[in-house]
1. Using a 1.4 angstrom probe and counting only protein chains, how large is the accessible area of Arg111 in Å², to 10?
2. Multiply the residue gap between Val101 and Gln192 by 0.36 nm, knock off their C-alpha separation, and tell me the result in nm, one decimal place.
3. What number comes out for the charge environment of Gly43, summing +1 per Lys or Arg and -1 per Asp or Glu over other residues with Cβ under 13 Å away?
4. Check which residues have an amide H placed less than 5 Å from Met254's amide H, if you skip close sequence neighbours.
5. Can you pull the one-decimal nm distance between simple spin-label points at Ser157 and Phe252, each 7 Å off the Cα toward Cβ?
6. How many Å² of accessible area per residue for region 26-139, probe 1.4 Å?
Amino acid sequence: MIVVGPLLGTGAGGFSMDVDPVTGKPTATLDMMDNDMILQGAGAAELPILRDLLFSGRPAGGTGLRSSDASTSPSGPGHTTLSYALNDTSSAAHFSTVDGVPVTTTDVVVRYCLFGDFNFDGRVNATDYQRFSGFYGSQQTFWESGDLTYDKRTNSSDYQLFQGAFGQTMIGPNFERTLLPVGLPVTAVEGQPLNNATLATFTDTRNTPGSPTTSAAYTASVSWGDGIFRPATVNSDGLGDGGYVVTGSSPFPMSNHDALITTMIQYSA
C-alpha cells in the first residue's frame, strides 16, 4: 500500500515524477507490483495526469507508473492491471477503506485488479460488461468508462482485454482476503506413487467460524516436480477454525531424487 498526497501537491507528502522536457514522458518508473495507492485529496482534476503516467508506464521498459506483476498474475498473463478512479460514484464512495486505510470521496485510488473490474468487486462479469458497452466508441475516456489501455478512447483494443478477463475472479490482499498457506513435508517411497498425500494447509483471513466459507470456494493444483499442474483436493481441516487441507495423488511413481512439489491455491467462488 502506498499513501501519498496529490500529484500536483507542493507540500509534504505530495507525489511527483520528473518529466523529460523534450518528449514529455516521465524519466523515472514506479513499479507498484501488486500494491494499491491512495492519492489523498487529489480530486477528479488529476485523473488525466494519472492516466498519462499509466499510459507511459504500461509498455515493457516504459517509464511512469506500471505493475510488473500484471504479466505474471495467477489470474492469467495479461488479465491484471492497474486501475484508477476517483473514490466517488456521484451517489456514494467506492470504498470506505482501502487495505485498511480510510479514504474519502476526494481521494483517487489506484488498484491492482483485473481488466474490466469497473466496480472493484474482484470479478469481471455481466455488470461490468453493461458498463463497458455503454461507453464503447467514446473518446476522452478513463478507466471507469472502459479505457483499459489508458489511450483516452474505448474501442476494440479495450474490448480484447475485457474479453480475456471476463469470468475471472481475483480476491486477494487488495480485496481484504488473504490465503495463508503452509507447505508440508512429503515422504515418498522409491518407485511408488503417492496416494492422497497431505500437501499443505491454509487459512483464509476472510473466513471465520462465524462466517464460514465452504471448501468448494477454493481450487488447488499441484506440480509433482515435472512443471505440470494437476488438480488437487481441498477439504476443511475439521477443526472449526476456518482452515483447510490440500491433498493429492501423484500420477507417476516417485524417484529417489528430491522433487520440488509445488501447490497452488486460489479462491474461485
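The values are calculated or read from the model by the stated rules, or taken from the named source; none is laboratory data. Keep in mind it's a predicted model, so treat the numbers as computed, not measured. Glycine also receives a Cβ, built like all others from the backbone with ideal geometry; neighbour counts cover every protein chain displayed. Only protein heavy atoms, including side chains, enter the accessible area calculation; ligands, DNA and RNA are left aside. Shrake-Rupley method; radii C 1.70, N 1.55, O 1.52, S 1.80 Å.
1. Counting only protein heavy atoms, Arg111 exposes about 10 Å² to solvent.
2. 27.6 nm
3. -3
4. Amide H neighbours of Met254, under 5 Å, 5+ apart: Gly191, Gln192, Leu194.
5. So the two model labels end up 4.4 nm from each other.
6. 42
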